[in-house]
Structure formats: structure tokens, C-alpha cells
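Enquirer: Supplied in C-alpha cells, the structure appears directly below.
Bear in mind these aren't lab numbers, they're just calculated from the coordinates by the rules spelled out. No experiment lies behind these values; they were computed from the predicted model shown. Please note: Cβ atoms are built from the backbone with ideal geometry, for glycine as well, and neighbour counts cover all protein chains shown.
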């Protein structure tokens, strides 16, 4: 499983890298899969409302009304119908890739189980929506899908009379059937919306809206596809004739040929096992879970920064319990905490320079307290020799920065780069641990802990607390985000930064020499 | 130039996605039934007679029951299985004893079977036994039919229409 996940991750990172060459960083479709799914859902909803206005229920009327809207108002109903179909297909495509990506990046275990598990019924509901939609057209494909679905359901021992019997002859088919279908096709998406809302309950700041440019591009693509290849019916349904060959929508109807291969009972078994496995995946080995963040009330002043910055909404502010003169205190929900350390990075007490008290911030990681991180900085300084010494600070989720270590380059890795309090950069430079600090981590939008890169950029730019102090020489601080597949890129960035630092040393030495010469001349 | 290349790259990415969606939306076609075959469907839901008829309880039986349970006549709900036989050109295509559905065995017996056959002229005979008789059938219907390629021929049972129905 690990090898599969690693392979999948490599594929994703490589394709993301290609897409980064053409899309602006924030528009990369692979970093907006959930948001794109939502965007397609809105397109499906709006086009569906339009199509519904002209749809007529009834065995003959259903087909004729769809044909009328497709051909008699080609540039309105025809396009709306095509948008409805292609956006639905796109939704399935992005939903599948979104699921695979979360699997590849190991974002389904621990506190993320809830989002993963609630995603499983979403998949089932999307398929039900699509299948009922295909029935409504009542063409040959609808006939095939309706009969195959009925035959599939009939093997369950819960129906008194075979449902498929309703499709034996045209006389068996009642107009109320289409009214029921229409009700299902509207009711199921409403349930889907409800489950989508539940799906995002444990995600702090979910990205539900695709960037405008990406949304516009996606819509233009759907529109172009609708114009070039309008969605058409496959001839009216005729229950006296078997639709031998059908143009199947492989996004929604991929299971149907498998029913023919494995039998309806076999398909139920396979589907049940697949859904069960997907649901159980978060609890399957190997289990990796670090202990949750720990609040040190002696140093917590209830400032709320950790709660605001937490990507999993795992920290809440509760009334003070220790009698200290603060209004609130941070409380960590261990079930939600992913132990990323973003809270420690946000804590105003996480400053490594202490003269009086021991270094214990208001909130910290149990398995890697900031005190230990400070020690790693000190040890890294001892390993650094020569000019242009670079301290690389990276994260465990992306490239292994320790592999970059050599003469003049030392590295420290954190669970997420968002754990880095900017004061640590100040510490490294002011204590002479290194001549420069290079900060790296997952590519923007790719952060395993969702917000680590965003918060770090904002803290270094001075737009989010805690900020990098003004006294820190900015020419000695570099940022280079890199995926696990971009090691050479990062090596080049480190080498370039080291060369720049040596230039700074040289310039500084020359300045000192010139100043000394001037002073000597005056003497 | 770099800007143009980026736009071009985006166009390629959107184009490939559109190509994937547009193609898989209805291709490749799926052959559900070979075009040179016809289909006979045998489907019905029919409740056979009850296993036992209604009878009066004896005085001793009534005595043993609680006063509020003392119904004079009892009618066991269980039905006998339905026996169905479908014959094509003198050869048994399907023969099955269909148990009643329901937890108490009082529901209708049901069947839904599909038989792909070669098109052409055929003699189809259907027989049904719903009384549990030891030999013979209660219903029988035979017909000579000329099946077209792709035709769906239904064998149904409708008590209100007099029994076995060919459509």
C-alpha cells in the first residue's frame, strides 16, 4: 500500500509540476480538485434547473421534450443539456482524482477520518444522481440503464415483484414512473448537498470556490465541448427491442458492463467490499499518529492565535481554568489535532531567546517541542563550516532536507514548515548559527497540513502574527518551495543562495577593509 | 513569449480534459447483446394457492388459547411453490420451482430470467403449476413466433388476463 501511495504521489507531483508551468500557482487544477468539483456541481445545478423547465414526464413525452429542447432551441436548451451532462461527467472525474490525491498524500487517517468517511456516501450519491438522470431522457441508453439497474436491484431479496417486470412492455410502464424519477433526481442532489456540508465540517477554511480564472477556463472548456459535441439522445426507447449496442457514459455507467461480467450478485459483492474497504481505510495499518499538541497554561495568555491558525479547527478557546488574569485559554481536541505544529509556530511565546525562564511556549508539540528544535539549530550551527553557511529549514512532508547537508549546508526538518516561529530565523542569524536561512516546504497549495505554507509566507512578509522582526537582514533569508520530486531545483536554490551569501561576505569584508584604510589614512 | 506559451499550455490542459470528458461521455460503445441475437424474458410475480385450506379449530384447541385469541377459523398463510417450465422448440429452456417470498412464506413467487436466443421462427411453450399438484400444470400456453434480431419477447403471467401471457 505504501509503495502504491508513493508511486501515486510521484505521479501527482510530476503532473502538478507540469501544470505549474502553464497555470498560475493558485490556479493549478490539481490543487483545486474539491473546489472544481463544487464548481461543476453549480454548473450542473443551474443547467439542470433550465432543463427541468422544458422537461415533460411521461413515456412518450419525456423523450419528445428532451428532443425538442435539444434541436428546437439548440443554442439554449441544447447547450444547457450538454453543459448538464459534461459538467456531471467532470464532477465524477474530479471527484475520483480528488479521492486518489487524498489517498496518495496520506490525508485520510487520524483526525481526517471524518472527512474521508463522509466522502464515501458522496460518491454513491453522485452516481445515483447520474443514473437517475440518464433514465429521464428515455432513449435507448435510458432503456438499457433502467432495465439493467432494475435487474441489478432485483437480486436483492426485498422486492415482492421484480422491478424489471415494469419494463417488459410499453403497457407495463406508467407515466407516474417518470414523476417518481424526477422526484429522485431532485431529492438525491439535495441530500448530496447536505452530505457535502457535513463533509466539510471538520475542515478549517475549506476551499469551496475555485479561483476565478480557473472557473472561467473550466466553464469555457465545457461550453466549447457543448458546441463541438452536443449531448444527443440515442433514439427513442422501445421496450419491444433490446438496445444491443449503447453509447455508454463511462463516468457514471462503468459498473453496468461489470454486472454482465460478474453477475448482479457478484457486482453487489464487489461494490459492497469496495465501499467497506474505502470506509475502513483510515483505520487500516500502518497507523501513524503523533501525540496531539499540548497547551502549557503557565505560558498561555489566551491570545487565540493558535486557534485562528489551526488548519483542522482542533483548538478552541475556553474560559480560563487556572485563575490567571486572562479571559481565555487554548484547548486542544486530541481527536482533531494532526500534530502539525502550526499552533506552536503561531504562539507569541515561542521565542527561542530566553535569559530568565526555561523555553516552554504556551502551546507545543509533545513529540518535538520547540526547545528541541532550538537545540537542533544549535547543533546544525556546529556542523556548518566555511563561508556562505546556509541553514535549510524544511518540513517532513516534502523533500528530506537532511539529504542536502554538506560542507556549508545544514538542515533542520519540522513536521510542517508552519511550525517555524519567525523568531527562530532571527535566532539563527543573530547567534551566528548560519550566514543565511533558507526556508522550504511543500509547494503552495500542496501543503500537507493545508495552511503551513500560506501562514509562513504571511509571517515572513510581516502580514500575519508572529512577524519576522525588521532587524532581520532580508538578504539573508530565502524561501524556496519544492515538492518531493524537485530535489535538483532545491539544490540549485541552496547553491545559489550560498553563493549570494558569500558575495555578501565579500562585499562586507571589502567595506570593512575600505573603512579600515580610510581610518588608517586619517591617522 | 513565455506568457503566450503559458496560455498555450493552459489551452492544451483544458483541451485534453475536454477530450477525455467528451470521449468517455458516450464512447467506446458497449455491446450489451450481440446484434444477431433475440431475447426471451420470463418474468412474473404470482402467488400460488395456500399450503393448507382454512379450518375450524376444535374445542380443545380453543380452550388452550387465551380468550382474546380464540378465533374460530384459522387460515395458514404459507403458499405452495410455483412450478414454471419454459420450452423452446421442444427443448426445456428453463424449469424452476419458485418458493413464495416473505418471511412467512406467504408472498408471491417471483422470477425474472433472460434467455438470448437465435432470431427466427420458434415454438415457445410455457407451463405453470400454482396449486402444488403432483403431476401436470394448471396453465399452459404455446405459440409459434418469428423473432427478429434484437427483439425482446416477454413471457408473463397475469391472473386477471387468464394466465400466461406472451408479448
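Enquirer: Spin-label point model (7 Å from Cα, Cβ direction): what's the residue A:201 to residue B:69 distance in nm?
Expert: 4.6
Enquirer: Sorting A:188, A:242, A:46 on the 10 Å Cβ count, fewest up front, what's the list?
Expert: Fewest-to-most Cβ neighbours within 10 Å comes out as A:46, A:188, A:242.
Enquirer: Sticking with this structure for a sec: In percent, how large is the relative contact order of the range B:1-102, given Cα pairs closer than 8 Å and 6 or more residues apart?
Expert: After rounding, I find 19 percent.
Enquirer: Something else: Can you classify the range A:294-511 as rounded, prolate or oblate using the Cα gyration tensor, where a ≥ b ≥ c are the square roots of its eigenvalues, rounded means a/c under 1.5, and otherwise it's prolate if a/b beats b/c and oblate if not?
Expert: Details: a/c = 2.20, a/b = 1.64, b/c = 1.35.
It is prolate, given that a/c is not under 1.5 and a/b is the larger ratio.
Enquirer: Let a ≥ b ≥ c be the square roots of the eigenvalues of the Cα gyration tensor of the range A:32-282; is it rounded (a/c under 1.5), or, if not, prolate (a/b larger than b/c) or oblate?
Expert: Oblate, since a/c reaches 1.5 and b/c is not below a/b.
Enquirer: Helix A:212-228 sits at what angle to the longest principal axis of chain A, using alpha carbons and giving 0 to 90 degrees rounded to 10?
Expert: On a 0 to 90 degree scale, this one is about 30.
Enquirer: Provide the FRET efficiency to the nearest 0.05 for the residue B:137-residue A:45 pair, computing r from the beta carbons and using R0 = 45 Å.
Expert: Efficiency, from the Cβ-Cβ distance: 0.20.
Enquirer: In addition: So how do A:295, B:74 line up by other beta-carbon neighbours within 10 Å, fewest first? Spell out each step's value before the answer.
Expert: Details: A:295 21, B:74 12.
The order, fewest Cβ neighbours first, is B:74, A:295.
Enquirer: Here is a follow-up. So what is Rg over Rh here for the range A:390-450, counting just Cα atoms and using Kirkwood for Rh? It would help to have the intermediate numbers written out before the result.
Expert: Details: Rg = 11.5 Å, Rh = 11.8 Å.
Expressed as Rg/Rh, it is 0.97.
Enquirer: For chain A, what's the relative contact order in percent, using C-alpha pairs closer than 8 Å and at least 6 residues apart?
Expert: Over chain A, the number comes to 13 percent.
Enquirer: Rounded to the nearest 5, what % of the DSSP beta bridges within chain A are antiparallel ones?
Expert: Counting DSSP beta bridges with both partners in chain A, the antiparallel share is about 40 percent.
Enquirer: Let me ask you something else. Residue by residue through A:219-229, how many Cβ atoms from other chains fall within 10 Å of the Cβ on average?
Expert: For this peptide, the per-residue mean of nearby foreign Cβ atoms is 4.
Enquirer: Express in nm, to one decimal, how much length is gained between residue A:193 and residue A:169 on full extension, taking 0.36 nm for each residue of separation and deducting their alpha carbon distance.
Expert: Net length gain for the segment: 5.0 nm.
Enquirer: Spin-label point model (7 Å from Cα, Cβ direction): what's the residue B:92 to residue B:161 distance in nm?
Expert: The modelled label-to-label distance comes out at 2.6 nm.
Enquirer: Going by a ≥ b ≥ c, the root eigenvalues of the Cα gyration tensor, does the range A:37-145 fall in the rounded group (a/c under 1.5), the prolate group (a/b larger than b/c) or the oblate group? Before the final figure, lay out the partial values.
Expert: On the way: a/c = 3.26, a/b = 2.31, b/c = 1.41.
Since a/c reaches 1.5 and a/b is larger than b/c, the shape of the range A:37-145 is classed as prolate.
Enquirer: In peptide A:170-177, what is the residue-averaged number of other protein chain Cβ atoms found within 10 Å of each Cβ?
Expert: Mean shielding by partner chains, rounded to a whole number: 1.
Enquirer: Further, regarding this structure: Enter the angle in degrees (range 0 to 90, nearest 10) between the Cα long axis of helix A:176-199 and the first principal axis of the Cα atoms of chain A, meaning the one along which they spread out most.
Expert: 10
Enquirer: From other protein chains only, count the Cβ atoms within 10 Å of every residue's Cβ in B:1-13, then give the mean.
Expert: 3
Enquirer: Based solely on its DSSP helices, what 222 nm [θ] is calculated for chain A when runs of n ≥ 4 H residues each add -39,500 (n - 2.57) and the sum is averaged over all residues, nearest 500 deg cm²/dmol? Don't jump to the answer; show the numbers that get you there.
Expert: Numbers: 15 runs with 267 residues, N = 523.
It lands at -17500 deg cm²/dmol.
Enquirer: If the elastic network links every pair of Cα atoms under 10 Å, which of B:100, B:67, B:35 fluctuates the most in the Gaussian network model of chain B?
Expert: Per the Cα network of chain B with a 10 Å cutoff, B:67 tops the list.
Enquirer: Could you list the residues of the range A:179-222 with an amide nitrogen less than 17 Å from a label point located 7 Å from the Cα of residue A:114 in the Cα-to-C-beta direction?
Expert: A:194-207
Enquirer: Using only alpha carbon positions, build the gyration tensor of the range B:11-166, then give the equivalent ellipsoid semi-axes as the square roots of 5 times its eigenvalues, largest first, whole angstrom. All intermediate terms of the calculation are to be shown ahead of the outcome.
Expert: Values: eigenvalues 458, 142, 19 Å².
They are 48, 27, 10 Å, listed from largest to smallest.
Enquirer: Let me ask something else about it. Relative contact order, percent, of the range A:32-282 when contacts are C-alpha pairs under 8 Å separated by at least 6 residues?
Expert: Taking the mean separation of contacting Cα pairs over the length of the range A:32-282, I get 32 percent.
Enquirer: Next question, about the same structure. Based on the alpha-carbon set only, what is the convex hull volume of the protein assembly as shown divided per residue, in Å³?
Expert: That works out to 247 Å³ per residue.
Enquirer: To the nearest 10 degrees, how steep is helix A:255-280 against the longest Cα principal axis of chain A, on a 0 to 90 scale?
Expert: For helix A:255-280, the angle is close to 30 degrees.
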